[in-house]
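Data first, discussion second: the structure below is written as structure tokens.
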Amino acid sequence: MLQTGTKAPNFSLSDQNGQVHTLEEYKGKKVILYFYPKDNTPGCTTQACGFAELYPQFQEKGAVILGVSKDSVASHKKFEEKNNLPFTLLSDPDLSCIQAYDVWHEKKNYGKVSMGVVRTTYLIDEEGMIVQAYDKVKTAQNPAQMLACI
């Protein structure tokens, strides 16, 4: 996980509609950048729906929400449509952004060891600096936790 007070790495990733986004284009806005393991899994759906529910309040505070996983653009589109998500989901199949933000780690699940995304959420300020960073986040609490940080 990257530390607070460090410059957030730029990225160039496609969203669920195939449109490319960079961190640079959000300069002047607060960004909630959250990394999650996989579309349409229980925890990831809980977290995404929590952000969707609070989306109007994030907008009122001038914050942008960007979800990132290694799932494909098509998978993100299905996830967005199934759950009526009002924010951007970014596809990172080559792990460039995931590794730049230091969220690709060894994980243990039921005794099995594998590499995967450690659920992590960053708050990036208007100047592109990381001002909050949470790893091992609780899916149900994370959206409200991030809203309180802004």
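No lab work stands behind these numbers, since they all come straight from the coordinates. It should be emphasised that the depicted structure is a prediction, and the values quoted were computed from it without experimental measurement. Every residue, glycine as well, gets a Cβ built from its backbone with ideal geometry; the counts of neighbours run over all protein chains shown.
If the condition is being surrounded by fewer than 18 Cβ atoms within 10 Å (Cβ to Cβ) and in contact (Cβ under 8 Å) with a residue 40 or more places away in the chain, then region 119-140 contributes D125, E126, E127, G128, M129, V131, Q132, D135, A140.
For region 78-98, the count of residues that are crowded, with 21+ Cβ neighbours inside 10 Å and farther than 23 Å from A133 by Cβ is nonzero.
Of the residues making up region 10-40, those that are assigned to a loop (DSSP other than H, G, I, E, B) and surrounded by 16 or more Cβ atoms within 10 Å (Cβ to Cβ) number 5. Cβ-Cβ distances below 7 Å connect the following pairs, each with a first residue in region 1-12 that is touching a residue at least 60 places away in the same chain (Cβ under 8 Å) and closer than 15 Å to T121 by Cα, a second residue that is polar (S, T, N, Q) and assigned to a strand (DSSP E or B), and a separation of six or more residues or different chains: M1/T120; T4/Q132. Residues that are surrounded by fewer than 21 Cβ atoms within 10 Å (Cβ to Cβ), within 17 Å of I150 (Cβ to Cβ) and among the basic types (K, R) do occur in region 55-63, at least one of them. As a summary of the residue check, Y101 satisfies the conditions (1) of a type in the set (S, T, Y); (2) in contact with a Ser or Thr (Cβ under 9 Å, 6 or more places away or on another chain); (3) free of Cβ contacts under 8 Å to residues at least 12 places away in the same chain except for the one numbered (3).
On the given criteria, is T46 surrounded by 13 or more Cβ atoms within 10 Å (Cβ to Cβ), of a type outside the set (G, A, S) and without any contact (Cβ under 8 Å) to a residue 12 or more places away in the chain?
On the way: surrounded by 13 or more Cβ atoms within 10 Å (Cβ to Cβ): yes; of a type outside the set (G, A, S): yes; without any contact (Cβ under 8 Å) to a residue 12 or more places away in the chain: no.
Here the answer is no, as T46 does not meet what is asked.
Name the residue that is nearest to the chain's Cα centre (by Cα), counting only residues in region 1-48 that are of a type in the set (K, R) and more than 12 Å from I130 (Cβ to Cβ). Of everything passing the filter in region 1-48, K38 is nearest to the chain's Cα centre (by Cα). Across region 41-90, the number of residues qualifying as assigned to a helix (DSSP H, G or I), of a type outside the set (F, W, Y) and touching a Cys at 6+ places or on another chain (Cβ under 9 Å) comes to 1.
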